[in-house]
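To keep things clear, I will list the structure first and then write my remarks on it.
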Amino acid sequence: MSEAGAPTLPGSACGREHSPLTSPMLDDPRPFYARARRDEPVFWSESLGLWVVTRYEDVCAVAKNAARFSSADSIQPKPSTAPPPPELLAELVQGFPLLPSLVTSDPPDHTHARALVVRALSLRRLAAFEPILREIAEGLVDRFAARGRVELVEAFAIALPGNFIIDLLGLPKEDLARVNDWTTDSTEIFAMQKPLAQLVEHARGFVAYQHYLAGAIEERRARPRDDALSDIVTGADALDRPFGMPELINMLLQVIFAGYETTAGLIAAGALQLALDPELFAAAKRDPAIIPPLIEEVLRTASPIHAMYRTANEDVELGGVRIRKGDRLQIAYISANHDERRFDDPLRFDIHRTTPHLAFGHGIHYCIGAPLARLEGRIALEVLTRRLPGLRLVPDQKLCYFPSATARRPESLELEWAAP
């Protein structure tokens, strides 16, 4: 962001107070965004050094216009331009370079990458996923149902999509723990918030992860199977300009992260809503047909992917302010999903809403895995309502949210129920 792109309007209260990764905004960002939508719908965030777009209409306008707003570096608010410290670089150069892929690319590269994943998540595969997911969910609940209490995020919300992504890609089930650890390593490397010594350890894990995926890719090239990884690899090799190993690895890293994080946030938020509302829990247990619309309202209110990022390709006016070429923008999905202009009484949880939410994005980057996430969420809540009678929050716990630039989910969620 150049000095020329800095805002010309002084004294932006929202710009000074915008701090999405710390309390109180991390705990509940809705009051802040309500004020921003009313007073400063597009404002300059002093903490992030970018424009924040808060209203539904403006968020849609940015998200759907790939020509004006680039998705390069769309996951992090502040793409790093400085080289990593030498100790960290020494580890990272032993892996593969980080390249744009899927959510971090623009057409035509994005078009080719998206087509490969769409094929891997075809409706033919989706139809076969339900019994696999239900077996995983039942097996996970078997481990804690008799105890009457569980920390649900680790034991179920993360474990269900984690186990399934292993099955989806055809990776060995015994590698799940390693893939979980490596996914954490990759998250920490991209965040770059830890002390250097810890980042070096995470870098070693991240490089090991890259080489593990490279081995799986080479294995599918030699012996394709009936799994999503084989579909991606064979499809990439058949392109006019075949994807190289770094491109494939970066694609898989994004697919696995999205498969974990979005769905884990959805499941945790859904379980939390049910635990807070005994009448809703009883209704869902009595009639599982209400769970799909319940899922949609959980997606709207919780917004597991709460924001993404764009870069202006040209000068443009948005929400009454001038955005200059090269300026960064945050499109705040969680704010758009609570916009009073689109949703009556947006703080009310209402499973009968019909206005479409933006929890899966908008435009060409609309989430490829949305049908799968909805399927996983539905099965998760069906199993929880059937197996854990009287599900409720353990008293006196403080709900803390994982500090992330893009994903929103509780760090932990202690629940209890009437054990048999």
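The values are calculated or read from the model by the stated rules, or taken from the named source; none is laboratory data. The structure presented is a predicted model; accordingly, all values stated were derived computationally and were not measured. So basically every Cβ, Gly included, is an ideal-geometry build from the backbone, and we count neighbours across all protein chains shown. Accessible surface areas use protein heavy atoms only, side chains included; no ligands, DNA or RNA. Shrake-Rupley method; radii C 1.70, N 1.55, O 1.52, S 1.80 Å.
For region 322-344, how many residues are at positive phi and either touching a Pro at 6+ places or on another chain (Cβ under 9 Å) or of a type in the set (Ser, Thr, Tyr) (or both)? Residues meeting the conditions: 0.
Of all residues in region 318-338, those satisfying the criterion of being among the charged types (D, E, K, R) and either surrounded by fewer than 19 Cβ atoms within 10 Å (Cβ to Cβ) or touching a Cys at 6+ places or on another chain (Cβ under 6 Å) (or both) are ARG322, ARG324, LYS325.
Checking the condition charged (D, E, K, R), more than 16 Å from LEU168 (Cα to Cα), in a helix (DSSP H, G or I) and out of contact with any His (no Cβ under 6 Å at 6 or more places or on another chain), which residue from ARG241, ARG220, ARG204 passes? Step through it out loud before you land on a result.
Numbers: ARG241 fails: in a helix (DSSP H, G or I); ARG220 fails: more than 16 Å from LEU168 (Cα to Cα).
Within the list ARG241, ARG220, ARG204, the selection yields ARG204.
If I ask for residues that are open to solvent by 20 Å² or more (accessible area, probe 1.4 Å) and part of a helix (DSSP H, G or I), which ones from region 32-55 would you list? Listed by number, the residues that qualify are PHE32, ALA34, ARG35, ARG38, ASP39. The set of residues from region 223-238 being part of a loop (DSSP other than H, G, I, E, B) and more than 20 Å from HIS110 (Cβ to Cβ) comprises ARG223, PRO224, ARG225, ASP226, ASP227. Among residues of region 283-303 that are of a type in the set (S, T, N, Q), those with a Cβ under 6 angstrom from a residue that is surrounded by 21 or more Cβ atoms within 10 Å (Cβ to Cβ), sequence gap 6+ or separate chain, pair up as SER303/TYR333; SER303/ILE334; SER303/ASN337; SER303/ALA359. Restricting attention to region 140-174, the residues being open to solvent by 30 Å² or more (accessible area, probe 1.4 Å), at pLDDT 95 or above and either farther than 19 Å from GLU416 by Cβ or not in a helix (DSSP H, G or I) (or both) number 3. Selection within region 257-303: residues that are at pLDDT below 95 and in contact with a helix residue (DSSP H, G or I) (Cβ under 6 Å, 6 or more places away or on another chain). The member of this set that is nearest to GLY390 (Cα to Cα) is ALA264.
Comparison of LEU102, LEU116 shows that the only residue that is under 21 Å from the mean Cα position of the chain (by Cα) and either among the β-branched types (Val, Ile, Thr) or over 16 Å from MET308 (Cα atoms) (or both) is LEU116. Here region 389-414 is the region considered, the condition is being open to solvent by less than 40 Å² (accessible area, probe 1.4 Å) and modelled with pLDDT under 90, and the residue that is farthest from GLU261 (Cα to Cα) is ALA405.
If I filter region 195-216 for residues that are touching an Asp or Glu at 6+ places or on another chain (Cβ under 6 Å), without any contact (Cβ under 8 Å) to a residue 60 or more places away in the chain and either open to solvent by 20 Å² or more (accessible area, probe 1.4 Å) or of a type in the set (Lys, Arg) (or both), do I get at least one hit? Yes, region 195-216 contains at least one residue that is touching an Asp or Glu at 6+ places or on another chain (Cβ under 6 Å), without any contact (Cβ under 8 Å) to a residue 60 or more places away in the chain and either open to solvent by 20 Å² or more (accessible area, probe 1.4 Å) or of a type in the set (Lys, Arg) (or both).
Just to be sure before I move on: is LEU126 in contact with a Pro (Cβ under 7 Å, 6 or more places away or on another chain) and either assigned to a helix (DSSP H, G or I) or open to solvent by less than 70 Å² (accessible area, probe 1.4 Å) (or both) in the structure I sent?
So LEU126 fits the description; yes.
For region 220-239, does any single residue satisfy the condition of being surrounded by 14 or more Cβ atoms within 10 Å (Cβ to Cβ), among the acidic types (Asp, Glu) and closer than 21 Å to PRO84 by Cα? Looking for residues that are surrounded by 14 or more Cβ atoms within 10 Å (Cβ to Cβ), among the acidic types (Asp, Glu) and closer than 21 Å to PRO84 by Cα, one finds none in region 220-239, hence no. For ALA113, the test of being modelled with pLDDT under 80, open to solvent by less than 20 Å² (accessible area, probe 1.4 Å) and not polar (S, T, N, Q) is passed.
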